[in-house]
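A short write-up of the structure that comes next.
The values are calculated or read from the model by the stated rules, or taken from the named source; none is laboratory data. Keep in mind it's a predicted model, so treat the numbers as computed, not measured. Don't worry about glycine lacking a Cβ; one is built from the backbone with ideal geometry, like all the others, and counts go over all protein chains shown. For accessibility, only protein heavy atoms count, side chains too; no ligands or nucleic acids. Shrake-Rupley method; radii C 1.70, N 1.55, O 1.52, S 1.80 Å.
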Amino acid sequence: MTAQDDGTETATARPPAALAEPVVPVGRGWTAALSLANGAIWVGWFGPLQILLASQAGDFAPGSGMSKETMLAWVTGAGAVVSLFANPLFGALSDRTTARPGRRTPWIVAGAAGGALSLLLLARAGGVWSMAVGWCLVQLTLNAAFAAVTAAVPDRVPRRQRGAVGGWLGAAQILGVVGGTGLATVAGGVGAGYAACAVFTVAGVLPYVLRHPDLRLSADDRPPWNWRGFLAGFWLSPRRYPDLGWAWLTRFLINLSNALVLLYLLYYLRDRLHYADPDRGVLILTAVNSLTLMATVVAGGVWSDRVGRRKPFVVWSGVLMAVATAALAGWQTWPGALVAAAVLGVGFGVFTSVDFALMTDVLPKALDRGKDLGVVNVANALPQVAAPALAAPIVTYLGGYRVLYLVAAVIGLAGAVLVGRIRGVD
């Protein structure tokens with residue numbers, strides 16, 4: 001209620017359901033369906049990234065004037081650039097969607113279907129250019145679905161439940177990476193691998209879009225359209241929204257630290273540790289890291305919800321990751337690498353779930369949730385572009401792997417410390 005000048009009271013206008021702060025807890029079925037949709041999108045990404053694109057590059061490189069490593073780098077780099085722009089763009093478009101099925105569902109359906117078709121097109125690539133175009137289309141379409149899936153969380157999940165939901169989404173992401181790699185491996189060829197990933201990507205989103213109705217935005221609640229305002233909305237001023245600015249920076253720094261650790265892991269095992277089978281070593285370290293990450297990604301989110309705090313979890317998970325990264329610099333043995341992989345998984349699991357909840361807590365406006373989360377997701381993709389540019393000169397000219405991992409540890413620690421600058425949440 002609000003008081004008027006004459007002492008009478010009038011009812012305060014309530015925001016429409018699509019723009020209101022959610023208060024009703026979501027059920028396990030909703031969380032499971034959204035997590036499955038998220039995992040299906042990651043299957044569509046990582047089947048190609050882990051196996052299929054590399055196989056195609058090996059087939060197309062002879063006679064092209066490029067090595068298979070260079071060809072793969074150019075193709076994946078082009079896709080990464082598309083991803084940087086696609087996620088916030090489709091998040092913004094979903095914010096403004098007034099379709100009968102809701103704001104997010106049309107983009108989940110269109111993105112998954114478009115992603116599946118793009119994967120099938122990529123399977124028919126005959127050279128580097130058609131391969132690059134196909135992969136860029138996969139990134140474009142699947143980012144449309146991913147932007148809508150992540151925006152559904154602040155749309156529907158109360159703040160006190162977002163850590164747990166973020167944990168389940170993180171677990172689904174890990175399973176999607178493993179599942180996509182597995183499908184691509186056992187399908188029996190590049191074409192069959194792409195087809196298997198395409199089918200799973202579509203099938204995985206169906207339980208959510210068919211069983212869980214979305215919130216609809218009426219045309220009256222959508223702001224008037226103009227190109228200048230639409231484009232200007234992608235700049236979220238750190239001065240105007242300092243909490244979101246600091247949260248974005250901390251996510252970027254910790255993800256950059258993690259990307260620096262992973263980028264040259266194979267070369268670290270081969271050239272620094274002289275591990276007998278570095279390919280197998282990377283597989284073992286990845287498995288250890290994934291196991292400990294899975295053990296903490298949901299538990300960390302649930303614990304954060306129960307105590308009603310976010311920042312301490314993000315801070316200490318970042319510190320733990322920085323310590324593990326520093327161990328790679330100071331304890332350069334195979335047992336040291338195993339311990340570091342396990343500790344990194346523990347820290348990154350907690351960070352993945354709680355940081356996602358923290359991000360949703362500092363979004364400026366309900367009307368722009370999809371667009372703002374898309375801008376936030378740039379902090380996940382940009383480190384994949386920045387890490388090679390930073391790591392190559394360090395390894396080549398500035399001290400090698402010991403200095404690389406010390407720099408990565410300092411970057412991650414800076415990200416953890418800067419969480420304290422966020423004032424709007426506990």
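Candidates 156, 160, 124: the one that is at pLDDT below 95, closer than 27 Å to residue 96 by Cα, more than 20 Å from the chain's Cα centre (by Cα) and not hydrophobic (A, V, I, L, M, F, W, C) is 160.
Scanning segment 382-423 for residues that are open to solvent by less than 30 Å² (accessible area, probe 1.4 Å) and in contact with an Asp or Glu (Cβ under 7 Å, 6 or more places away or on another chain) yields a single hit, 422. Given the conditions (1) surrounded by fewer than 19 Cβ atoms within 10 Å (Cβ to Cβ); (2) touching a residue at least 40 places away in the same chain (Cβ under 8 Å); (3) in contact with a helix residue (DSSP H, G or I) (Cβ under 7 Å, 6 or more places away or on another chain), which single one is not true for residue 241? It fails just one condition, (3). Just checking, does segment 110-132 include any residue being within 22 Å of residue 194 (Cα to Cα) and out of contact with any helix residue (DSSP H, G or I) (no Cβ under 9 Å at 6 or more places or on another chain)? Within segment 110-132, one or more residues are within 22 Å of residue 194 (Cα to Cα) and out of contact with any helix residue (DSSP H, G or I) (no Cβ under 9 Å at 6 or more places or on another chain). When the residues of segment 266-279 are narrowed to those that are over 14 Å from residue 336 (Cα atoms) and among the aliphatic types (A, V, I, L, M), which ends up modelled with the lowest pLDDT? Ranking the qualifying residues of segment 266-279, first place goes to 266.
For segment 275-284, the set of residues classified as open to solvent by 30 Å² or more (accessible area, probe 1.4 Å) and either in a helix (DSSP H, G or I) or under 18 Å from residue 400 (Cα atoms) (or both) consists of 275, 279, 280, 282, 283, 284, listed by residue number. None of 282, 261, 298 is modelled with pLDDT under 75 and of a type in the set (Val, Ile, Thr) except 282. Just so you know, in segment 293-314 the residues that are open to solvent by 40 Å² or more (accessible area, probe 1.4 Å) and among the β-branched types (Val, Ile, Thr) include one that is nearest to residue 273 (Cα to Cα), and it is 302.
Taking segment 62-78 as the range and being at pLDDT below 85 and either open to solvent by less than 10 Å² (accessible area, probe 1.4 Å) or acidic (Asp, Glu) (or both) as the test, the residues that pass are 69, 71. Taking only segment 301-316 into account, find how many residues are over 12 Å from residue 162 (Cβ atoms) and either of a type in the set (Lys, Arg) or not in a helix (DSSP H, G or I) (or both). Result for segment 301-316: 3. Determine whether segment 334-345 contains at least one residue that is modelled with pLDDT under 85, in contact with a helix residue (DSSP H, G or I) (Cβ under 8 Å, 6 or more places away or on another chain), open to solvent by 10 Å² or more (accessible area, probe 1.4 Å) and not hydroxyl-bearing (Ser, Thr, Tyr). Yes - at least one qualifying residue is present in segment 334-345. Residues of segment 387-408 include at least one that is in contact (Cβ under 8 Å) with a residue 12 or more places away in the chain and under 17 Å from residue 316 (Cα atoms). The set of residues from segment 378-391 being touching a Leu at 6+ places or on another chain (Cβ under 9 Å) and aliphatic (A, V, I, L, M) comprises 378, 379, 381, 382, 385, 386, 387, 390, 391. Is it true that residue 81 is at pLDDT 85 or above and crowded, with 16+ Cβ neighbours inside 10 Å? Taking the combined requirement at face value, the residue does not satisfy it. Do we have residue 46 as open to solvent by 40 Å² or more (accessible area, probe 1.4 Å), within 24 Å of residue 169 (Cβ to Cβ), at pLDDT below 85 and in a helix (DSSP H, G or I) here? So residue 46 passes the test.
Sub-6 Å Cβ pairs linking a first residue in segment 27-45 that is under 16 Å from residue 214 (Cα atoms) and of a type in the set (A, V, I, L, M) to a second residue that is assigned to a helix (DSSP H, G or I) and open to solvent by 20 Å² or more (accessible area, probe 1.4 Å), at least 6 apart or interchain, are 33/207, ordered by first then second residue.
Selection of segment 96-115 for residues being open to solvent by less than 10 Å² (accessible area, probe 1.4 Å), within 17 Å of residue 47 (Cα to Cα) and out of contact with any Leu (no Cβ under 7 Å at 6 or more places or on another chain) yields only 112. Here residue 140 passes the criteria (1) modelled with pLDDT under 90; (2) surrounded by fewer than 24 Cβ atoms within 10 Å (Cβ to Cβ); (3) closer than 24 Å to residue 82 by Cβ except the one numbered (1).
For segment 249-274, the candidate set comprises residues that are aromatic (Phe, Trp, Tyr) and open to solvent by less than 50 Å² (accessible area, probe 1.4 Å); within that set, the residue that is nearest to the chain's Cα centre (by Cα) is 252.
Find all pairs meeting these conditions: Cβ atoms under 6 angstrom apart; at least six residues apart or on different chains; first residue within segment 50-64 and on the phi > 0 side of the Ramachandran plot; second residue open to solvent by 10 Å² or more (accessible area, probe 1.4 Å) and of a type in the set (A, V, I, L, M, F, W, C). Correct list of pairs: empty, since none qualify.
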